[in-house]
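Trainee: This is the structure I want to talk about, given as structure tokens.
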Amino acid sequence: MKSSRADIEVTRRLKEAMAPVNVSLIDHVIRAAGSGHSMVKMGLM
């Protein structure tokens with residue numbers, strides 16, 4: 001599975017939105033077609 005540009009953009013926005021309140025996004029798991037894919041494992045975070 002390959003992450004879409006939208007997946008990557010949502011992850012970036014989540015990280016930015018959480019930063020001011022000192023919350024870290026440690027991974028973003030994309031679920032599709034019965035499987036999950038970690039943005040960290042794909043090297044996208």
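FYI, it's all coordinate maths here, none of it is from the lab. This one's a predicted model, so the numbers in the text were calculated from it and none came from an experiment. In this analysis, Cβ positions are derived from the backbone assuming ideal geometry, glycine residues included, and neighbour counts consider all displayed protein chains.
Trainee: For Rg/Rh (Cα atoms, Kirkwood Rh), pick the label among [x] 0.92; [y] 0.99; [z] 0.97 that corresponds to the value derived from the coordinates.
Mentor: Correct label is [y].
Trainee: Using θ = phi - 60° and the Karplus form 6.51 cos²θ - 1.76 cosθ + 1.60, what ³J(HN,Hα) does each residue of the range 18-35 get, whole Hz, x for Gly and Pro?
Mentor: So the Karplus estimates, Gly and Pro as x, are 7, 4, x, 9, 6, 10, 9, 8, 9, 6, 9, 9, 9, 9, 7, 6, x, 9 Hz.
Trainee: Given charges of +1 on the Cβ of Lys and Arg and -1 on the Cβ of Asp and Glu, with all other atoms neutral, how large is the dipole of the chain about its Cα centre, in debye to the nearest 20?
Mentor: With Lys and Arg at +1 and Asp and Glu at -1, about 100 debye.
Trainee: Taking 0.36 nm per residue of separation and subtracting the Cα-Cα distance, what length does fully extending S35 through A6 add?
Mentor: Length gained, S35 through A6: 8.6 nm.
Trainee: Taking H as built 1.01 Å from N, whose amide H comes closer than 5 Å to the amide H of H28, not counting residues under 5 places away?
Mentor: M39, V40
Trainee: For the chain, what is the relative contact order in percent, using Cα pairs closer than 8 Å and at least 6 residues apart in sequence?
Mentor: It rounds to 28 percent for the chain.
Trainee: Net charge around L14, counting only other residues with Cβ within less than 13 Å of its Cβ (Lys, Arg = +1; Asp, Glu = -1)?
Mentor: -1
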